Amino acid sequence: MGKTYQNDSIFSSMTEQEKALVAAWSDHSRMWKDNKWVYPVISRRAGGLSIGVNLNPDHKCSFACAYCQSGPQDGHPSVPIDVDEVEKELRNFVEFYESGEFAKCDFFGKVAEDKKIIKDLCLSGDGESTIVKEFPEVCRRMRQIQKEYQARHEGSSDPQNPASFKLRLITNASQLGRDSVEDALSTLLENDGEIWAKLDAGTEEWYRKINRSPVKFETILANLKKAISCHPICIQTMLCSIRGEIPGETEILHYLENLEQVYRTRPEHFVEVQLYTVIRQTATPDVFPLEKEFMEQVAKKITDSLPVKVRIF
């Protein structure tokens, strides 16, 4: 397990279930048994079991975030995507979950039962899913799996097998302006789906430091506004220290202005803001978490400016 930045005295006073939950939150390994594409995590932000779909085991991404845990893109051979295998792994895992066997797994066994309930199938992983040409077909097949699950559990009163789960895309928003991506998302998100998109900066300068992408920052903002006009969006914002530097007052002010632009585009599609800091080992040295007080100050500035929900992780 990577570095968790947990206070040792607080951790030692936790129950075994609480310790198991912290361990599960802190280790989002993409490896699961013999799978290549599909992996389970207990997600703080999803509130339970998230079944991840990793279309980038070769670490290909349009960002190179300073806080990324996946490591650099260089040195990883290109991995061709087998859509049939992605679907097979997804179906096998959903079946494994429905059988009740997942809840008994060694690593997750001590986690409280209510934290192991399926919440979503989520396109996430070691890179940016939307840059992959197979992305639209994977979206279509994920939606089909969701439909079939819903048909099997319609009207379910079993808390471990809820009537439905969400489909989600976690994205850096670099490709949300492309028509092919929008067409795919219209399928993926047609039944209570969500986009969880990065907005880590207020200025081009901080964006270059934290996300380190050749994509222009103005393109990211335009893509977010285009996407929220069609789909529910949750904004995910990483706040951290990079080589001793933290976002200053001017940076936060511009961030709030950007957030307001996205919100005003279509307020009813604005789900929430998720502020988070570093909890797992980062690939780049000199990247560290920020104090709870700093996170709370930023959250208050957001809620003072906009009528939106903010959660801190």
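Using helices alone, I'd like the mean residue ellipticity at 222 nm for the chain: each DSSP H run of four-plus residues gives -39500 (n - 2.57), total over residue count, nearest 500.
Rounded to the nearest 500, it is -11000 deg cm²/dmol.
Near residue 265, within a Cβ-to-Cβ distance under 11 Å, what is the net charge of the other residues, with Lys and Arg +1 and Asp and Glu -1?
Taking every other residue near residue 265 into account, the sum is +2.
Under 11 Å from a label point 7 Å along Cα→Cβ of residue 134: give me every residue in the range 163-185 with its amide N that close.
Answer for the range 163-185: none.
Quick one: Debye curve from the C-alpha atoms of the range 206-313, no solvent, what's log10 I(q)/I(0) at q = 0.09, 0.14, 0.22, 0.23 Å⁻¹?
The Debye formula, applied to the Cα set alone, gives -0.23, -0.58, -1.35, -1.43.
Using the Cα gyration tensor of the range 238-288, with a ≥ b ≥ c the square roots of its eigenvalues, what is the shape: rounded (a/c below 1.5), prolate (a/b larger than b/c) or oblate (neither)?
Details: a/c = 4.10, a/b = 1.82, b/c = 2.26.
It comes out oblate by the Cα gyration axes.
At R0 = 41 Å, how high is the FRET efficiency between residue 281 and residue 192 if r is their beta carbon distance? Nearest 0.05 is fine. Show your work: numbers first, answer last.
Values: r = 34 Å, r/R0 = 0.82.
Approximately 0.75, to the nearest 0.05.
Work out the length of the dipole vector of the range 257-313 about its Cα centre, built from +1 on the beta-carbon of each Lys and Arg and -1 on the beta-carbon of each Asp and Glu, and round it to the nearest 20 debye.
With Lys and Arg at +1 and Asp and Glu at -1, about 180 debye.
Pop out the ³J(HN,Hα) list for the range 281-295 in order, Karplus 6.51 cos²θ - 1.76 cosθ + 1.60 with θ = phi - 60°, rounded to Hz; leave Gly and Pro as x.
3J(HN,Hα) across the range 281-295, in whole Hz: 4, 9, 6, 9, x, 6, 10, 9, x, 9, 5, 4, 4, 5, 4.
Which length gain, in nm to one decimal place, applies between residue 260 and residue 69 when the Cα-Cα distance is subtracted from 0.36 nm times their residue separation?
Taking residue 260 through residue 69 to full extension adds about 65.8 nm, to one decimal.
Taking a 19 Å limit on the Cα-Cα distance, which of the listed pairs 209/300; 216/309; 60/198; 116/166 fall beyond it?
209/300; 216/309, as the Cα separations exceed 19 Å there.
Net charge around residue 298, counting only other residues with Cβ within less than 13 Å of its Cβ (Lys, Arg = +1; Asp, Glu = -1)? Walk me through the intermediate numbers first.
Working: positive: 292, 300, 301, 311; negative: 200, 249, 251, 291, 293, 296, 304.
Summing Lys and Arg as +1 and Asp and Glu as -1 gives -3.
With +1 on each Lys and Arg Cβ and -1 on each Asp and Glu Cβ, how big is the dipole of the chain about its Cα centre, in debye rounded to the nearest 20?
Working: 40 positive and 48 negative charges, 26 e Å.
With Lys and Arg at +1 and Asp and Glu at -1, about 120 debye.
What is the Å³ per residue value for the convex hull set by the Cα atoms of the range 162-251?
Expressed per residue, the convex hull around the Cα atoms of the range 162-251 is 109 Å³.
In whole Hz, what ³J(HN,Hα) sequence does the range 206-223 give by Karplus (6.51, -1.76, 1.60; θ = phi - 60°), x for Gly and Pro?
6, 4, 5, 6, 8, 9, 6, 10, x, 5, 5, 4, 5, 5, 4, 5, 4, 5
What distance in nm lies between label points placed 7 Å from Cα along the C-beta direction at residue 204 and residue 151?
Taking the simple label geometry, residue 204 and residue 151 are separated by 5.2 nm.
Would you compute the Debye intensity of the chain from its alpha-carbon atoms alone, equal scatterers and no solvent, and pass along log10 I(q)/I(0) at q = 0.08 Å⁻¹ to two decimals?
Result of the Debye calculation: -0.35.
At what distance in nm do the modelled label points of residue 60 and residue 222 sit from each other, each positioned 7 Å from its Cα along Cα→Cβ?
2.4 nm
Sort by residue number and report every cysteine in the chain with no other cysteine beta carbon within a distance under 4.7 Å.
61, 105, 122, 139, 230, 234, 240
Bear in mind that the values in this text are calculations on the coordinates, not laboratory data. These figures come from a predicted structure and were not determined experimentally. Every residue, glycine among them, receives a Cβ derived from its backbone with ideal geometry; neighbour counts consider all protein chains shown.
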